[in-house]
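The values are calculated or read from the model by the stated rules, or taken from the named source; none is laboratory data. Because the structure is predicted, anything quoted here is derived from the model rather than measured. Here the Cβ positions follow ideal geometry from the backbone for every residue, glycine too, while neighbour counts run over all protein chains shown.
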Amino acid sequence: MTERQAERLANIVIGVAAAGAAFYILKTPSLRRMASGLARNAMAGSGPAWLLAETRRGWDGGAALAPPVRRDMIGG
C-alpha cells in the first residue's frame with residue numbers, strides 16, 4: 001500500500017466515523033440538545049469576536065487608503 005492510498009483510506013475511515021457519530025448524536029435526544037446548546041454558545045462567542053476583527057481590519061484598511069493630512073496647511 002502506498003502512502004497516498006493509506007491517506008485516502010484514513011480519510012474515508014474518519015469520514016465514516018464522523019458520519020456515524022453525527023447520526024448517533026442526532027438520533028439521541030439528550031445528545032442532540034447538548035450539541036445544539038454547544039453550537040449556540042460557540043456562535044454567540046465567536047460571532048462578536050469575528051465582527052470586531054472584521055471592523056478593525058476594515059478600519060485599518062480604510063486608514064491605509066486615506067491620503068495623509070498635512071497639518072501645516074490647516075488653519076494657516
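Table: residues versus (1) assigned to a helix (DSSP H, G or I); (2) modelled with pLDDT under 95; (3) more than 16 Å from the chain's Cα centre (by Cα).
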{"residue": "1", "(1), (2), (3)": "no, yes, yes"}
{"residue": "48", "(1), (2), (3)": "yes, yes, no"}
{"residue": "52", "(1), (2), (3)": "yes, yes, no"}
{"residue": "59", "(1), (2), (3)": "yes, yes, yes"}
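Each residue in region 30-46 was checked for being loosely packed, with under 10 Cβ neighbours inside 10 Å and either touching a helix residue (DSSP H, G or I) at 6+ places or on another chain (Cβ under 9 Å) or modelled with pLDDT of 95 or more (or both), and 1 of them qualify.
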